Structure formats: C-alpha cells, structure tokens
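Beneath this line is the structure, given in structure tokens, with notes to follow.
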Amino acid sequence: AGGVLPGSGMVPFAMPHASGHQDFIDVPQDVKGSVIGKQGKTIKGIMWQTGAKLFFPDNGNTLTLRGTYDAVHQARHQVEEVMMTTRARQQQYAQKQATMGSSQPLPSLAPHERSQILADLELDLAGLAN
C-alpha cells in the first residue's frame, strides 16, 4: 500500500489515510509519560482539542496521528510542544542537581568542637524549658 515499509506496517511519511490523514512522531521513552499524561489526560486533551486520533501501536515509541490534515497538523504541534516543555524541565532539573552537587561539603568537626556545640545546645534547651 503506497508508502508502507515491507513487513513493518509503518508508513515512513505523512500520507492520506482512510480516516483522512496519517502521520507519525518518534517519542523518546523519557518523555512518553508526559505526552500520555496522568491517566491519559494529556493525550486525551490533545485528541479532544484537535479531533485527531493519537495512539502508540504495540506500546512502542512511535505515536500515530490520524484525522483530517488540519487535525493531524495541530495535534503534531501540541505533542511537539509537550515534548519540548518536558525536555526543558528535565534540563533545568539536571542543571539544578549539578549545581547542588558541586557545593562545598560541610567541614568536619573535631570531637571537642562537637562536644562544645552539643553542650551549648543543651544549655539553650534548658534555658527554654525554664
């Protein structure tokens, strides 16, 4: 059938389909959960807003989009926006973790310094109790 890769069942490019138009997006595993959303909320919202049908056949990472040309185009844009936002959040988190990890460790205390700090705390606590 036209642009189908032999034995794969996958179409390598957007093309007319029985339900109008069909397209594919490779969704990396680390952003797939964001595209689907909690209990499917994100993907269902995109389908509701655009009128396109979106699904991952065989639980793979290739998202299939079907519908009218405009619906598929709008759905593709929204999915790509979710993926870009997720990637940006992941990068911010990684940068924050790298910054936190590079902070100077607290200096070790000598045993007599620990004893003095604990004694001072006990005095402070005893003063609060009175």
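The values are calculated or read from the model by the stated rules, or taken from the named source; none is laboratory data. The shown structure was predicted, so the numbers you read here are calculated from the model rather than taken from an experiment. Don't worry about glycine lacking a Cβ; one is built from the backbone with ideal geometry, like all the others, and counts go over all protein chains shown. Note: accessible area is taken over every heavy atom of the protein model, side chains too, but ligands, DNA and RNA are not part of it. Shrake-Rupley method; radii C 1.70, N 1.55, O 1.52, S 1.80 Å.
Points to keep in mind about this one:
- Among the residues of this structure, Y93 does not count as one that is hydroxyl-bearing (S, T, Y) and in contact (Cβ under 8 Å) with a residue 24 or more places away in the chain.
- Test result for A88, among the small types (G, A, S) and closer than 17 Å to D23 by Cα: no
- For I25: the one exception among (1) outside any helix (DSSP H, G or I); (2) over 17 Å from H77 (Cβ atoms): (2)
- Long-range neighbours under 7 Å by Cβ, at least six apart or interchain, first residue open to solvent by 80 Å² or more (accessible area, probe 1.4 Å) within region 58-81, second part of a helix (DSSP H, G or I): Q74/T50
- Matching entry among T99, T86, T50 (being modelled with pLDDT under 95 and touching a helix residue (DSSP H, G or I) at 6+ places or on another chain (Cβ under 6 Å)): T86
- Among residues of region 17-54, those that are without any contact (Cβ under 8 Å) to a residue 12 or more places away in the chain, more than 11 Å from the chain's Cα centre (by Cα) and at positive phi, counted: 2
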